[in-house]
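Beneath this line is the structure, given in structure tokens, with notes to follow.
The values are calculated or read from the model by the stated rules, or taken from the named source; none is laboratory data. Keep in mind that this is a model prediction, so the values were computed, not measured. Every residue, glycine among them, receives a Cβ derived from its backbone with ideal geometry; neighbour counts consider all protein chains shown.
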Amino acid sequence: MSDIAERVKKIVVEHLGVEPEKVTEGANFIDDLGADSLDTVELVMAFEEEFNVEIPDDAAETIQTVGDAIKFLEKNSG
Amino acid sequence: MRRVVVTGLGMVTPLGGGVEVTWRRLVAGQSGASKVTAFDVSDLACRIACSIPLGDGSDGTYDPDAWMEPKEQRKVDPFIVYAMAAAGQALDDAGWHPTAYEDQIATGVMIGSGIGGIGGIYDASVTLYEKGPRRISPFFIPGRIINLASGQVSIAHGLKGPNHAVVTACSTGAHAIGDAARLVALGDADVMLAGGAESPINRLSLGGFAACRALSTGFNDEPTRASRPYDKDRDGFVMGEGAGVVVLEEYEHAVARGAKIYAEVVGYGLSGDAYHITSPSPDGDGAYRSMKAAVKRAGIDPGEIDYINAHGTSTPLGDELELKAVERLIGDAAKTPATPVAMSSTKSATGHLLGAAGAIEAIFSILAIRDQVVPPTLNLDNPSVETALNLVPFEAQRRKVDIVLSNSFGFGGTNASLILRRVG
């Protein structure tokens, strides 16, 4: 697993208070991990902070699964 | 109007994480005050407070995780978690966990706060200044605004009746109980959870209340001696934190389900000083009219009052004005009481919980009725004035307690008085 994937999963576990096993790449934040719309806003903020990137609102809307976040950050960070 | 009784109690206070431990320590004359160590206070005029004993729930400590998931606690100011704890305790105590739709819509919540999430507002202001608006959490607003105590409690317990929140400074808790009792009396709800919650122990609040010259500053090295209502050396209040919530219930509703009935809310009075933003009116007229209105509503003679839980914050001005107003009220009595009315300030032990004060003090008043004991006024070494009232110095006293008056007065000149009476 890439370093980015590890860091993304750690953030998701901390913010949503879910078991690490549930945080698979296919897991949808809202449908599978119990997040609400405000949780997803906060998650995106946490990704921005951790990876020092800016995620515009239209891009944030496309990040619905753990895998979406990892792909976006692999392409746009560092 | 319909009769309203109290059927459940819940609290988190500087004396402990629940009702019975708090009451036991209060009656034993223990103080909740200590030096503040959670953050830097070296540059503050007041460096002491009455803080909640955090822990795992053993030995009377408060375990927030028992009442709200840690990931949810992270999103809100502590006053909301305190409200969740006190409300959960009160519902458990009342044995009222409505699941039928009809019961849910008949049960409401009115939990207020004096200053709400001021600690989180400070933190978010720093974030805004240092990192800009994009770093403000989506949970900033819903975690700080005062009515989210009522909101969170209603969501957690499925309470779909009236959802309201009082904000009247240090009268909040008493106003919430009085107003919620009115809603039950008028039939807007059959059951109301009512009270107040406050989490003011932070640099901004301590600095702000010190700037108003409201806090004690002369006892930083002897915190347990600082809250000393009616004593000649008193120099301001000691900040406290916590929450108190009661279950108010329509009398027949309580009887029908065989609920334990602690007391009846028989009187509620309100008034305004129309005098000054922080100082009480020097003639004590607002306090007097608040008590008088509650007595009238209760349909009792002032001489029948057994115990008064005073507002008594330990400020130089307020304590004596309240004392004089009470003397004037008792002077109105047609019947002379057999024994002098007992009046104590439990803030001498708990500190001043601001918006939660009136709620925890209503609960103390109810427990005084239950146990026929009045809690003491600590640190009353030298009363600053002579009075015929029994100020219950240092030690709790056993006595007949059937009717209790509880006073709360707040910044802005907002006054509330509750009268609670033994049932049966």
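Side notes on the structure shown:
- Scanning region B:46-89 for residues that are of a type in the set (D, E, K, R), in a loop (DSSP other than H, G, I, E, B) and more than 14 Å from chain A (Cβ to nearest Cβ) turns up B:R47, B:D56, B:D63, B:D77.
- Qualifying residue in region B:135-151 (condition: part of a helix (DSSP H, G or I), surrounded by 20 or more Cβ atoms within 10 Å (Cβ to Cβ), touching a residue at least 24 places away in the same chain (Cβ under 8 Å) and within 14 Å of chain A (Cβ to nearest Cβ)): yes
- Pairing residues of region B:246-268 that are touching a residue at least 40 places away in the same chain (Cβ under 8 Å) with residues that are of a type in the set (D, E), at Cβ distances under 6 Å and at least 6 apart in sequence or on separate chains, gives B:E250/B:D190; B:H253/B:D190.
Residue-wise test of (1) more than 23 Å from B:D301 (Cβ to Cβ); (2) of a type in the set (A, V, I, L, M, F, W, C).
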| site | (1), (2) |
| --- | --- |
| B:L354 | yes, yes |
| B:A368 | no, yes |
| B:Q372 | no, no |
| B:N379 | yes, no |
| B:N382 | yes, no |
| B:T387 | no, no |
| B:N390 | no, no |
| B:F394 | yes, yes |
| B:R399 | no, no |
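- Any pair with Cβ under 6 angstrom, 6 or more apart, that starts in region B:374-387 at a residue that is within 22 Å of B:R398 (Cβ to Cβ) and ends at one that is part of a strand (DSSP E or B) and of a type in the set (D, E): B:N379/B:D231; B:L380/B:D231
- Of residues in region B:28-58 being buried (at least 20 other Cβ atoms within 10 Å of the Cβ) and either free of Cβ contacts under 8 Å to residues at least 60 places away in the same chain or among the aliphatic types (A, V, I, L, M) (or both), the one nearest to B:A356 (Cα to Cα): B:I52
- With respect to (1) away from every other protein chain (no Cβ under 14 Å); (2) surrounded by fewer than 20 Cβ atoms within 10 Å (Cβ to Cβ); (3) under 30 Å from A:A60 (Cα atoms), the lone exception for B:G117 is condition (2).
- Residue count, region B:258-283 (criterion: within 21 Å of the chain's Cα centre (by Cα) and farther than 13 Å from B:G410 by Cα): 9
- Here is the figure for region B:1-18: residues that are modelled with pLDDT of 95 or more and over 16 Å from B:A357 (Cβ atoms) total 10.
- Only one of A:I55, A:I11 that is within 14 Å of chain B (Cβ to nearest Cβ), part of a loop (DSSP other than H, G, I, E, B) and closer than 23 Å to B:E130 by Cα: A:I55
- Some residue of region A:35-49 being outside any helix (DSSP H, G or I), in contact (Cβ under 8 Å) with a residue 24 or more places away in the chain and not hydroxyl-bearing (S, T, Y): no
- Top-ranked residue of region B:156-200 - restricted to ones that are under 17 Å from B:I145 (Cα atoms) and β-branched (V, I, T), ranked as nearest to the chain's Cα centre (by Cα): B:T172
Matching residues to (1) among the polar types (S, T, N, Q); (2) assigned by TED's automatic domain parsing to the domain that holds B:K292; (3) surrounded by fewer than 17 Cβ atoms within 10 Å (Cβ to Cβ); (4) in contact with a strand residue (DSSP E or B) (Cβ under 7 Å, 6 or more places away or on another chain):
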{"site": "B:T336", "(1), (2), (3), (4)": "yes, yes, yes, no"}
{"site": "B:V374", "(1), (2), (3), (4)": "no, yes, no, yes"}
{"site": "B:L380", "(1), (2), (3), (4)": "no, yes, no, yes"}
{"site": "B:S408", "(1), (2), (3), (4)": "yes, yes, no, yes"}
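- Filtering region A:27-52 to residues that are more than 10 Å from chain B (Cβ to nearest Cβ) and among the acidic types (D, E) leaves A:D31, A:D32, A:E50.
- Count of residues meeting criterion [out of contact with any Phe, Trp or Tyr (no Cβ under 9 Å at 6 or more places or on another chain) and either buried (at least 18 other Cβ atoms within 10 Å of the Cβ) or at the interface with chain B (Cβ under 10 Å from one of its Cβ atoms) (or both)] in region A:14-26: 5
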